[in-house]
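Scroll down for the structure; my scribbles are underneath it.
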Amino acid sequence: MNFKDVRGLVELVPITNTDNFQFDKLKPILNEKPTYWRLTVLTSESTQIKELVLSMQGVIVNKDLPPILIKPNEQHQPFIRQSVQLTGFDSKEFQTCINALQKLHQTFSRQVPEGDMEPLTLGQFCQFDTVEFATRYFTSQRDNPNGTEMPFDQSTDPNGVLARLANNKKYFHSEDNKVLYYALKHVNDESPPRFFDVDPAQFRVGDIVEVQITIAAVLIKNNKLKMISQLRCLALLDGTFTDVSIPYQD
């Protein structure tokens with residue numbers, strides 16, 4: 001599975017392999033249009049700065065994924081997003097991922113006055129920690145006046161309802177709003193499994209998946225900053241347990 005480079009160079013780091021990762025080498029960089037802080041890291045050659053991309057695995061316990069079939073309220077346009085919520089139940093690997101996210105949150109917190117960073121919040125599923133990853137469908141024209149508009153994928157917007165929302169010219173769908181969807185499949189017994197593009201409608205609660213995410217800090221009300229984990233790729237690894245009923249609990 002290849003992460004689609006949406007802003008230039010990226011550095012992919014499996015989040016379960018961060019034991020030897022030098023968090024103090026991470027550098028938050030302010031992006032002006034739109035305004036947010038993004039995490040970057042020096043390459044091994046120490047000559048280029050790349051955006052940090054993290055990968056981790058988990059089980060889907062909640063999701064809000066394409067397609068979008070009914071036109072949303074126009075007032076909700078800035079907030080419409082595709083999202084997935086994962087848990088690892090009691091696996092050590094998933095807890096390692098959560099610990100790494102907490103360290104990344106501390107990296108951002110050190111860049112701003114004390115108290116200006118919102119605490120990192122986790123969800124709960126059957127008393128197990130969960131993490132949500134999301135990407136909005138639209139970018140504000142005011143925040144990014146020089147951005148390039150991209151068409152929606154047919155699998156995301158089959159009825160054109162999102163495209164019609166963009167006609168107001170206040171918001172547009174950019175490369176930064178895209179999420180890539182894959183599934184790991186066996187072509188034959190002689191070849192190793194490969195990742196193929198898939199329709200996002202195929203994903204189900206209970207699927208074992210891998211995500212690739214970027215980390216950013218965005219301004220919210222009262223001039224506070226909040227760390228967000230932006231979904232870039234979602235890949236189905238194993239759907240064997242999809243048919244098992246998992247009741248969702250708040």
query: Rounded, prolate or oblate: which fits the chain when a ≥ b ≥ c are the square roots of the eigenvalues of the alpha-carbon gyration tensor, with rounded for a/c under 1.5 and prolate only if a/b beats b/c?
result: rounded
statement: Once Val112 and Lys92 are pulled to full extension, the length gained, defined as 0.36 nm per residue separation minus their Cα-Cα distance, is 4.1 nm
- line: Residues meeting the amide H criterion for Thr40 (H placed from the backbone, H to H distance under 5 Å, 5 or more places apart or on another chain) are Lys27, Ile29, Leu52
- prompt: Between Cys233 and residues 5 or more places away or on another chain, which pairs have amide H atoms under 5 Å apart, with H built 1.01 Å from N, and which residues are they?
  reply: Leu180, Gln212
- prompt: So which trypsin sites (Lys or Arg not before Pro) in segment 44-121 end up in coil per DSSP with only 13 or fewer other C-beta atoms within 10 Å?
  reply: Arg110
task: Note down the magnitude of the dipole of segment 42-140 about its Cα centre, charges +1 on Lys and Arg C-beta and -1 on Asp and Glu C-beta and zero elsewhere, to the nearest 20 debye.
output: 220
task: Determine the dipole magnitude for segment 135-245: charges of +1 sit on the beta-carbon of Lys and Arg, -1 on that of Asp and Glu, nothing else is charged, the reference point is the Cα centre, and the result goes in debye to the nearest 20.
output: 900
message: With 10 angstrom as the radius, rank Phe128, Phe203, Phe241 by how many other C-beta atoms surround their C-beta, starting from the fewest.
response: Phe241, Phe128, Phe203
- request: Enumerate the lysines that Lys92 could reach by cross-link, defined here as Cα to Cα under 28 Å, with residues fewer than 8 away along the same chain left out.
  value: Lys25, Lys27, Lys63, Lys103, Lys185, Lys226
query: At what distance in nm do the modelled label points of Asn159 and Asn222 sit from each other, each positioned 7 Å from its Cα along Cα→Cβ?
result: 3.9
query: Cα gyration tensor of segment 100-176, axes a ≥ b ≥ c as square roots of the eigenvalues: rounded (a/c below 1.5), prolate (a/b > b/c) or oblate?
result: oblate
- prompt: Mind listing which GluC sites (Glu not before Pro) in segment 26-109 are in a DSSP loop and have 12 or fewer other Cβ atoms within 10 Å?
  reply: Glu32, Glu45
message: Just to verify a number: FRET efficiency for Arg194 and Leu122, C-beta to C-beta distance, R0 = 25 Å, to 0.05?
response: 0.15
task: Mind scanning Lys33/Lys170; Lys178/Lys221; Lys71/Lys169 and naming the pairs with a C-alpha gap bigger than 18 Å?
output: Lys178/Lys221
statement: For segment 101-114, in residue order, the Karplus 3J(HN,Hα) values (coefficients 6.51, -1.76, 1.60; θ = phi - 60°; whole Hz; Gly and Pro = x) are 4, 5, 5, 5, 4, 5, 4, 5, 4, 6, 8, 10, x, 4
- request: Using label points projected 7 Å from each Cα along Cα→Cβ, tell me how many nm separate Phe241 and Leu69, to one decimal.
  value: 2.8
field: Relative exposure of Arg136, Arg164, Arg232, judged by other C-beta atoms within 10 Å (fewest first)
entry: Arg164, Arg136, Arg232
message: Please give me, ordered by residue number, the GluC sites (Glu not before Pro) of segment 96-201 that lie in loop per DSSP and have at most 10 other Cβ atoms within 10 Å.
response: Glu114, Glu190
- request: Can you tell me the relative contact order of segment 81-237? Whole percent, Cα pairs under 8 Å, sequence separation 6 or more.
  value: 24
task: Might you report the magnitude of the Cβ-based charge dipole of the chain about its Cα centre, with Lys and Arg at +1 and Asp and Glu at -1, to the nearest 20 debye?
output: 920
query: In terms of the Cα gyration tensor, with a ≥ b ≥ c the square roots of its eigenvalues, is segment 41-143 rounded because a/c is under 1.5, prolate because a/b exceeds b/c, or oblate?
result: oblate
- request: Determine the distance separating the Cα centre of segment 150-181 from the Cα centre of segment 54-95; give it in Å without decimals.
  value: 17
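A short reminder: the numbers here are calculations on the coordinates, not readings from a lab. Not measured: the values here are computed from a predicted model. Note that each Cβ is placed from the backbone with ideal geometry, even for glycine, and that neighbours are counted across all protein chains shown.
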